[in-house]
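Okay, so here's the structure we're looking at.
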Amino acid sequence: EITHVHAREVLDSRGNPTVEADITLSGQHHGRAISPSGASTGEKEATELRDADPKRYQGKGVQKAVSNVNNQMRRRLVGQLFDTQAQLDEALIALDGTPNKSALGANGILAVSIAFAKAQAAARQVPLYRQLADRSHYTLPVPCMNVINGGRHADNTVDFQEFMIAPHNADSFANAIRMGEEVFHTLKSLLKGKGYVTAVGDEGGFAPDLKANDEAVELILEAISQAGYRPGTDISLCLDPATSELYEAGTNGAPGLYRFFKSTKKTMTSQELNGLWESWVSQYPIVLLEDGMGENDWAGWHQHTAALGSKIELVGDDIFCTNPLILQQGIDQHIANSVLIKLNQIGTVTETLRTMELAYANNYGCFVSHRSGETEDTTIADLTVALNAGHLKTGSGCRSERVSKFNQLLRIEEELGSAGKFAGLKAFKNQ
Ligand code: PGA
Ligand code: ZN
């Protein structure tokens with residue numbers, strides 16, 4: 001029985017307010033969770049409720065979302081017995097009553113949903129990953145580390161948002177993260193040596209003013225080699241150019257265009273952009289490309305999947321928004337072969353698990369993700385292990401809101417011992 005529900009306004013890694021929720025079961029089992037927050041969000045994400053009161057936090061306060069937890073949700077939940085996560089989440093969805101959680105706010109709803117999962121884990125005395133899915137064996141993920149930040153995550157000249165390294169040729173998660181960190185620190189010296197700044201962006205990757213987008217790839221490959229690893233054999237590349245942010249829809253039936261708004265200001269058609277990805281994939285050891293096309297460019301996505309969908313992993317983030325209904329449309333139309341998983345895009349644990357199960361049932365991959373605005377909450381580490389997702393992205397090699405997830409994975413790997421196995425390269429579609 002739920003005996004206590006309480007939310008408060010706390011801060012995320014950008015210093016913006018977000019919702020933290022506490023739940024107690026039977027007066028003694030506690031769960032606490034904090035919702036993250038995106039910057040390059042998909043249009044169809046569940047609603048992040050903000051106060052829009054310019055006198056507090058420049059309009060970004062979340063007192064309404066907090067009050068919805070402490071009033072409506074508390075009244076509905078306290079004194080009730082929910083046997084399963086699905087029962088709790090269905091009650092929250094019904095109480096909200098809107099398709100995108102705009103009445104109560106997905107930031108408050110998600111914090112309550114995750115806090116309940118953690119409280120249940122505490123009551124059963126099991127780790128969170130086992131509470132989410134009870135298995136005899138689990139897979140430890142390849143950490144895809146975002147070592148160069150651009151796009152909306154950094155004030156630099158790089159248009160594409162995320163350049164990630166995937167250290168996959170390792171016998172354990174611990175060794176994979178060590179390899180990644182060695183490359184991260186090598187990259188720092190390399191940038192310094194070339195006279196670039198080594199300040200970091202929102203996700204902890206370096207944010208230098210590079211001369212061109214492909215220079216980011218070249219520098220990372222150099223750092224991998226300098227650190228003593230073989231690009232493509234030991235460590236491959238993953239990209240999230242977040243092209244919805246570059247896309248401008250056409251007017252009067254004209255086709256939409258992608259604008260390189262931070263570097264050259266030049267534009268490209270979907271076909272040209274797809275050509276760029278095909279040439280990068282043939283030149284560089286890229287195993288995963290996320291949002292290579294914009295969320296409103298389904299025709300572009302169709303071409304893109306036809307060209308590269310049988311070669312590498314193509315992940316849909318903004319286009320699917322972790323939403324099972326939209327993912328089903330994508331599956332029906334052969335769009336992408338993998339889905340990005342962000343709990344706060346959909347707003348409950350149950351719906352997130354439903355999206356992941358739908359993906360697996362259709363031979364799609366699941367790439368679990370943090371948000372650019374993160375916190376010390378490490379739920380995504382447990383979620384990745386619970387569903388054997390095989391890979392996740394949770395930032396670069398620094399900043400505690402990022403490495404806290406790596407640290408949780410190190411603990412989980414240690415605890416699992418021989419019941420845990422590192423995923424390696426086969427975690428990626430088509431590898
Ligand atoms: P966001 O970025 O958290 O700012 O939305 C992450 C992503 O695009 O994958
Ligand atoms: Zn993305």
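Looking only at segment 261-280, count how many residues are touching a helix residue (DSSP H, G or I) at 6+ places or on another chain (Cβ under 8 Å) and at pLDDT 95 or above. So the answer is 8.
Just to check your reading of the model, which residue among 112, 66 is aliphatic (A, V, I, L, M) and under 15 Å from residue 17 (Cα atoms)? Give the steps one after another, and end with the answer.
Working: 112 fails: under 15 Å from residue 17 (Cα atoms).
Only one candidate qualifies: 66.
So, residue 240, is that one within 16 Å of ligand 1 (Cβ to nearest atom), of a type in the set (D, E, K, R) and under 20 Å from residue 219 (Cα atoms) or not? Yes. Being closer than 27 Å to residue 364 by Cα and more than 16 Å from ligand 1 (Cβ to nearest atom) is a property that does not hold for residue 254. The residue that is nearest to residue 310 (Cα to Cα), counting only those in segment 388-431 that are assigned to a loop (DSSP other than H, G, I, E, B) and touching a Ser or Thr at 6+ places or on another chain (Cβ under 6 Å), is 429. Criterion applied to 170, 174, 166 was being under 20 Å from residue 423 (Cβ atoms), out of contact with any strand residue (DSSP E or B) (no Cβ under 8 Å at 6 or more places or on another chain) and either of a type outside the set (Lys, Arg) or at pLDDT below 95 (or both), and the one residue passing it is 174.
Quick check on segment 353-377: of everything there that is away from ligand 2 (no atom under 13 Å from the Cβ) and within 12 Å of the chain's Cα centre (by Cα), which residue is nearest to residue 321 (Cα to Cα)? Walk me through it before giving the result.
From segment 353-377, those away from ligand 2 (no atom under 13 Å from the Cβ) are 353-366, 373-377; that's our starting set.
Subsequent filtering for residues that are within 12 Å of the chain's Cα centre (by Cα) retains 366, 373-374.
Working: 366: 12, 373: 16, 374: 17 Å.
In this case the residue turns out to be 366.
Looking only at segment 232-291, which residues are in a helix (DSSP H, G or I) and within 16 Å of ligand 2 (Cβ to nearest atom)? Within segment 232-291, 243, 244, 245, 273, 277 qualify.
For segment 113-136, taking the residues that are without any contact (Cβ under 8 Å) to a residue 24 or more places away in the chain and part of a loop (DSSP other than H, G, I, E, B), the one that is surrounded by the most Cβ atoms within 10 Å (Cβ to Cβ) is identified as 126. Look at segment 84-112: where a residue is over 15 Å from residue 354 (Cβ atoms) and a partner is in a helix (DSSP H, G or I) and of a type in the set (Lys, Arg), sitting 6+ places away or on another chain with Cβ atoms under 6 Å, you get 95/76. Within segment 391-411, residues that are surrounded by fewer than 20 Cβ atoms within 10 Å (Cβ to Cβ) reach partners that are β-branched (Val, Ile, Thr) and not in a helix (DSSP H, G or I) with beta carbons closer than 8 Å, at six or more positions or on different chains, in the pairs 398/200; 399/200; 404/378; 407/378.
Cβ-Cβ distances below 7 Å connect the following pairs, each with a first residue in segment 298-309 that is in contact (Cβ under 8 Å) with a residue 24 or more places away in the chain, a second residue that is assigned to a helix (DSSP H, G or I) and surrounded by fewer than 19 Cβ atoms within 10 Å (Cβ to Cβ), and a separation of six or more residues or different chains: 303/271; 307/278; 308/278.
The values are calculated or read from the model by the stated rules, or taken from the named source; none is laboratory data. Please read all numbers here as calculations on a predicted model, not as lab measurements. Quick reminder, even Gly has a Cβ in these numbers, built from the backbone with ideal geometry, and neighbours come from all protein chains shown.
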